[in-house]
1. How much of the accessible area of the chain, probe 1.4 Å, is carbon plus sulfur, in whole percent?
2. Residue by residue, what Karplus-based ³J(HN,Hα) values in Hz, rounded to whole numbers, does region 166-173 have, using 6.51, -1.76 and 1.60 with θ = phi - 60° and x for Gly and Pro?
3. What number do you get for the chain when its Cα radius of gyration is normalised by 2.2 N^0.38 Å, N = residues?
4. Over region 318-454, calculate the relative contact order: mean separation of alpha carbon pairs under 8 Å at least 6 apart, over the residue count, as a percent.
5. To the nearest 0.05, how large is the calculated FRET efficiency for GLN197 and VAL388 if R₀ is 22 Å and r is the Cβ-Cβ distance?
6. Calculate, axis by axis, the spread of Cα positions in region 357-454 along the three principal axes, and write the results as whole Å, longest axis first.
7. What FRET efficiency would be calculated for the residue pair SER335, ARG11, taking the C-beta separation as r and a Förster radius of 56 Å, to the nearest 0.05?
8. How many Å³ per residue does the convex hull of the Cα positions in region 1-53 occupy?
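The values are calculated or read from the model by the stated rules, or taken from the named source; none is laboratory data. Keep in mind the model is a prediction, meaning the values are calculated, not measured. In this analysis, Cβ positions are derived from the backbone assuming ideal geometry, glycine residues included, and neighbour counts consider all displayed protein chains. The protein model used for the area step is the full one, side chains on, heavy atoms only, and it has no ligands, DNA or RNA in it. Shrake-Rupley method; radii C 1.70, N 1.55, O 1.52, S 1.80 Å.
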Amino acid sequence: MVVQVLRTIARSGSVVVLTIHQPSARILGTLGRLLLISGGRTVYAGTPAGLKLFFSEFVGTPIPDNENPAEFALDTIRDLEHQPGGAALLVDFNARWQMAGNRNTKKVSPMSLEFAIAESVSRGKLVAGCGTGVLSSSVPTFANPLMTEVWVLAKRSFTNTRRMPELFGMRLGTLMVMGLILATVFLRLDDTPKGVQERLGFFAMAMSSLFYVCADALPVFIQERHIYLRETAHNAYRRISYVLANAVVSFPPLVILSVVFAVSTFFPVGLAGGGASLVFFALVVLGSLWAGTGFVLFVSAVVPHVMLSYTVVAAILAYFLLFSGFFINRDRIPSYWIWLHYVSLVKYPYQAALQNEFSNANRCFTRGIQVFDGTPIGGMSDAVKMKVLHAISAALGTNVTASTCIVTGADVLTQHAVTDVGMWTCLIVIALFGFLFRALFYLVLLVGSKNKRK
């Protein structure tokens with residue numbers, strides 16, 4: 001029954017106001033308060049149980065036991081409305097009844113409907129139409145504790161996500177296609193100078209692409225914004241509860257996406273380090289997605305327009321990539337732009353991935369005549385290269401052969417100036433960026449929405 005459902009909603013902490021015509025005695029008994037209006041004026045305001053006594057005293061005769069009080073009241077009001085004075089007699093009688101109070105119940109001082117609704121919402125339940133007219137300081141601002149709000153909001157968000165599995169499927173498909181393209185382009189990289197450059201390109205492209213993939217979360221809050229503003233305007237829940245619920249629901253899919261992307265690229269590309277390096281690489285991907293979704297969430301709160309927010313995200317991520325250390329080394333960035341290098345979201349996952357790949361000092365990437373790759377001598381024959389190499393060896397006073405290791409993984413990190421922050425520190429910074437942007441998102445919500453129930 002619809003009325004039973006509405007009664008359950010009312011008991012859960014919501015105020016339910018409904019209009020109903022000629023309710024049955026059974027439905028009448030489920031209502032908490034009853035308001036009868038004729039011509040815009042109140043002819044009865046009280047409990048359904050007091051309806052029978054009220055109209056019995058008005059007409060001067062008892063209402064028969066087998067008579068529905070609601071039907072009797074409506075018939076009486078309808079008869080009065082056809083008279084010249086309308087229901088004025090009943091309006092006056094109701095005013096006197098409210099002033100004198102029901103003789104069979106304790107006298108109470110009435111409160112306004114607006115105050116009753118306000119107090120009901122603050123208490124999380126419907127209240128009787130009585131009070132002092134002043135809210136008690138002990139009345140809580142919110143109907144439910146913080147964790148209950150987080151649980152309800154998270155459950156609602158999860159239900160919405162489950163109803164639209166194509167959204168997660170689209171994100172998963174995008175990452176899988178991106179991983180497939182990167183894996184086939186950078187397939188089985190070797191330990192040569194060219195292999196080093198290709199690895200740098202792979203990491204820069206992979207890390208920056210992860211942040212661009214996060215842009216698909218931009219419309220989520222923008223579409224929910226009017227619902228959020230409407231609900232928080234009347235203290236339906238705390239703003240921090242919305243932020244926490246969003247983080248709780250969004251994190252598990254990120255774990256799945258990060259594992260899929262890491263596995264689909266780590267082995268085909270030929271990244272080194274085995275299982276430990278794979279786990280760290282997956283954590284870097286997860287941290288990037290976590291920070292990226294937080295950044296996108298923050299932008300969607302600041303710029304509540306889908307097309308504008310996409311433009312802002314694309315522009316800022318391009319700046320982050322420019323100052324990440326891939327296009328220009330950290331020690332070559334002008335001092336007045338160095339701050340952008342350290343606030344770049346792409347710097348830290350890019351640097352962490354490089355250190356994870358090149359941290360082995362015993363791994364060699366340039367041997368003997370490979371040192372001439374990329375130079376004019378590189379196009380000459382191996383015999384000429386060996387002669388030049390022997391000449392260099394003689395000048396340096398060392399014996400450099402074709403198998404001598406010249407550039408190790410540690411040398412690669414030093415050459416590209418990615419040793420200022422450790423790999424685990426970079427991972428922590430990435431995670432902190434995710435928390436920072438969600439904190440900024442909360443501040444924007446706190447400042448940008450107003451409470452109408454102050």
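1. 65 percent
2. So the Karplus estimates, Gly and Pro as x, are 5, 5, 5, x, 5, 5, 5, x Hz.
3. Compared with the compact-globule rule of thumb, the chain sits at 1.60.
4. Reported as a whole number, the value is 31 percent.
5. 0.50
6. 86, 26, 19
7. Approximately 0.30, to the nearest 0.05.
8. 90 Å³
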